[in-house]
Every structure is written in C-alpha cells, then in structure tokens.
Amino acid sequence: MTGIQIVQSASTVPERVVPNDELNAYMDTSDEWISTRTGIKQRHVSTGQTTSDLCTQVAQKLLDQTDWQASDLDFIIVATMSPDYMTPATAAIVQGRIGAKKAFAFDLNAACSGFIYGLKVAEGLLQTPGTRGMLIGGEVLSKLIDWHERSTAVLFGDGAAGVLLANDKQTESAFLASDLQTIGDLGDKLTAGYQPVNSVFASDSTDPHQRYFEMDGRAVYKFATHQVPESIQRAVTKAGLLVQDVDYFILHQANQRILDQIAKRLDQPSTKFLTNVADYGNTSAASVPILLNEVIQNDTIQRGQIIALSGFGGGLTVGTQIIKY
Ligand code: ACO
C-alpha cells in the first residue's frame, strides 16, 4: 500500500516590512489599536513582485530542497485570490517558468481557505501511486487594498508558501480526514477584486461594488469563531480521533483574538495553536502554508504528530484537514 505524504515545504515573503506605526502616514490608526484588536505588529508588502513571482520562488525552493526534477511533477495547484491575470492561471505561469513540462497546472480560489481546499483536491489527484504534485498558496493582497481605508488596510500582507506532495512511499497516507463548507449566502460579508461590466454595451448605471477589500468585520469574526471549531470537530470525528488527540492546530492567521477564541471553544490550551500573525498579518491562502513551513523548519512539529490545518474566509468558506505529519 502507498500513501500520500508531505515531502517538503517552503515559503517566501517580500523583503519590504511595514510595521504598524508606518501606516499612520496613510490613515488614522495606531500600533496600539492594531496590536490589541488583531495581534498584528507588521506585514510584508510587495514593492513590485507579483503573485506568480512569489509562487515561482517557492516552487524553485521546493525543488532545490529535494532530488526531484521539475519534470517529475504531475500537477501544480496555486491557491490564490489575487492572481496576476484571470488568464493565464498563476499556476500555469509557474509551470512554464520552472519547466514542469509534464504537469497540468491550475489556480483554485477559496480565499483564505484556499490551501485547505487545495489539499482536498490534491488528495484526489494523488490517488494513483507514483503521482507527484505541488500545492502553493500565494497572494499579493496589497493590490486589493485601499491604503487609506483603516478598517481593512491594517489587516493584510503578501507572501507565498507551499508543499510537495507524493504518493510513492510504502506507508499510510498523511491525510486522515477533512471537512469543507461553503456558506455562499454570506459571501457579501467579505469581498475584494470586483470586476465591473464595462463593455460598450453596458448601461451607465452606477455600480455600487468596488475592487478593494470590503468587510463586515464583526460578521466575519462571528462566522470564524463559530464555524472553525465546528469544522475541526467534524474533521477530527471523521478521522476517528478526539480534539485532544490533535498535537497542534495550524489555523489561518487572520487575527490573534480569533485564534484565542477558537482555542477556548475547543477547550484546548492556546499553546497548541501555533501563530505568526504578528509578523505577517493576514496573507489569505498563503497563511497556513507559511506557518506550516515555519514550524516544520524550526522543528516545532515532528513526523507522526497529528496536526489540524484550518482555513476560513471569503466565500464564505471554511475547511479543515487533519494530517498525521
Ligand atoms: N485603527 C484605528 N481605529 C480603527 C481602525 C484602525 N485600523 N479600524 C477601525 N477603527 C475604528 C472604527 O472606525 C470604530 O470606531 P467608532 O467606534 O468610532 O466607529 C472602532 O475602531 C471599532 O471598529 P470595529 O470595526 O467595530 O472594530 P472591531 O472590534 O470589530 O475589530 C476587526 C475590527 C479587527 C476587523 C474585527 O472585526 C475582526 O477581526 N474581524 C474578523 C476579520 C477577519 O478575520 N477576516 C478574515 C477573513 S479575511 C479573508 O478571507 C481574505
């Protein structure tokens, strides 16, 4: 029997760091407000790198860390809500740049749950023994932010991270169980990147939507603190485990308060909830793999441990993947 494994992880963030205090130049805010409401201290912001640039860097790092050739890859998935183009897909740009000639490549958009949805799709693609794939979450959210709108601008950051996945070892699968939910009727609580109908045939009526982030922060907070614990509970049960069997929780890094509240609802110690939101802010589909890579590289998590990965955000979407790392 062969099983699906996470073979390698890697991440990258733009060099430019923007601490909370620097945002005062563009909007009426303070480090005190941002830190106490969100736990965020700084974010990395692109000064020109695109989503495909960041994702290509991650792809190259992943290959450099193994003896795999780009031509060994069967597929590349990029989870993103901030692609360079509507077409070509970010994943197709990455595929071309690294020369992964055999791989089919496509983007997946489930906002901040994108990496978790991507794991589910990748699991399906990896059923055939010998299959190898790459899953990257990458975002340049700074281009979707109105940098004078304090209620959203302080929350987000740019970055990318990913994993190599393979079904080629005589071992049990690392993928134990998952739970994905979409609550589309709450989609208007969090929107970004609206594309107006502006052809020569379009009427002149004023369009109320805009391209920058718009969010009902309280509604999203309520959604996350209720739906994520339920999703984790369902996924853990499907895996035949109890919540206390989970060694670490790697959740979407949106807000430290949300993480603390979820820990409380699950009645689990906050030390099990790994966090780096202070350093990166909310990087949407990149946040779970950036944190996963960080805790793999610093040996916080060990092979054989039970990890719950969860995402939540635009859609609205929520998802959990339980893995035995
Ligand atoms: N600096 C200073 N003051 C601010 C700022 C700021 N950056 N932003 C808002 N304020 C003010 C508001 O204007 C308001 O002032 P008022 O009382 O005079 O009107 C006051 O602070 C309170 O504003 P609220 O929006 O009510 O603040 P709240 O306590 O709800 O915190 C927050 C806002 C942090 C956004 C919170 O609602 C939250 O975390 N929501 C969840 C957001 C989230 O996690 N999204 C993740 C999904 S993202 C994705 O999927 C891409």
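Summary of computed values
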{"quantity": "Residue tally, condition touching a strand residue (DSSP E or B) at 6+ places or on another chain (Cβ under 9 Å), in a helix (DSSP H, G or I), of a type outside the set (V, I, T) and within 12 Å of the ligand (Cβ to nearest atom), over the range 127-159", "calculated": "3"}
{"quantity": "Of the criteria (1) surrounded by fewer than 17 Cβ atoms within 10 Å (Cβ to Cβ); (2) in a loop (DSSP other than H, G, I, E, B), which one Y212 fails", "calculated": "(1)"}
{"quantity": "Filter result (part of a helix (DSSP H, G or I), closer than 18 Å to K41 by Cβ and within 16 Å of the ligand (Cβ to nearest atom)) within the range 243-279", "calculated": "Q256, R257, I258, L259, D260, V277, A278"}
{"quantity": "Number of the condition not met by T320 [criteria: (1) closer than 17 Å to A161 by Cβ; (2) modelled with pLDDT of 95 or more]", "calculated": "(1)"}
{"quantity": "Within the range 136-160, tally of residues that are among the acidic types (D, E) and buried (at least 24 other Cβ atoms within 10 Å of the Cβ)", "calculated": "2"}
{"quantity": "Residue list for the range 280-325, restricted to those being within 13 Å of the ligand (Cβ to nearest atom), outside any strand (DSSP E or B) and under 19 Å from A263 (Cβ atoms)", "calculated": "S287, V288"}
{"quantity": "Exclusive hit being buried (at least 24 other Cβ atoms within 10 Å of the Cβ) and touching a helix residue (DSSP H, G or I) at 6+ places or on another chain (Cβ under 6 Å), set A70, A79", "calculated": "A79"}
{"quantity": "Selection within the range 170-209 - surrounded by 14 or more Cβ atoms within 10 Å (Cβ to Cβ) and either at pLDDT below 90 or in a loop (DSSP other than H, G, I, E, B) (or both)", "calculated": "S173, A174, A192, G193"}
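Here is a yes/no grid of residues against (1) among the polar types (S, T, N, Q); (2) outside the structural domain of D21 (by TED's automatic domain parsing); (3) under 21 Å from the mean Cα position of the chain (by Cα):
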| site | (1), (2), (3) |
| --- | --- |
| T51 | yes, no, yes |
| L62 | no, no, yes |
| D67 | no, no, no |
| S71 | yes, no, no |
| D74 | no, no, no |
| Y85 | no, no, yes |
| A100 | no, no, no |
| A105 | no, no, yes |
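Residue-by-condition table, conditions (1) more than 16 Å from the ligand (Cβ to nearest atom); (2) out of contact with any strand residue (DSSP E or B) (no Cβ under 9 Å at 6 or more places or on another chain); (3) in a helix (DSSP H, G or I); (4) within 25 Å of N109 (Cα to Cα):
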site: I4; (1), (2), (3), (4): yes, no, no, yes
site: E15; (1), (2), (3), (4): yes, no, no, no
site: N24; (1), (2), (3), (4): no, yes, yes, no
site: R37; (1), (2), (3), (4): no, yes, yes, no
site: T47; (1), (2), (3), (4): yes, yes, no, yes
site: C55; (1), (2), (3), (4): yes, no, yes, yes
site: T66; (1), (2), (3), (4): yes, no, no, no
site: I76; (1), (2), (3), (4): yes, no, no, yes
site: P83; (1), (2), (3), (4): no, no, no, yes
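The values are calculated or read from the model by the stated rules, or taken from the named source; none is laboratory data. Treat the numbers as computed from the prediction; the structure is a model and nothing was measured. Counting neighbours? That spans all protein chains shown, and the Cβs are built from the backbone with ideal geometry, glycine included.
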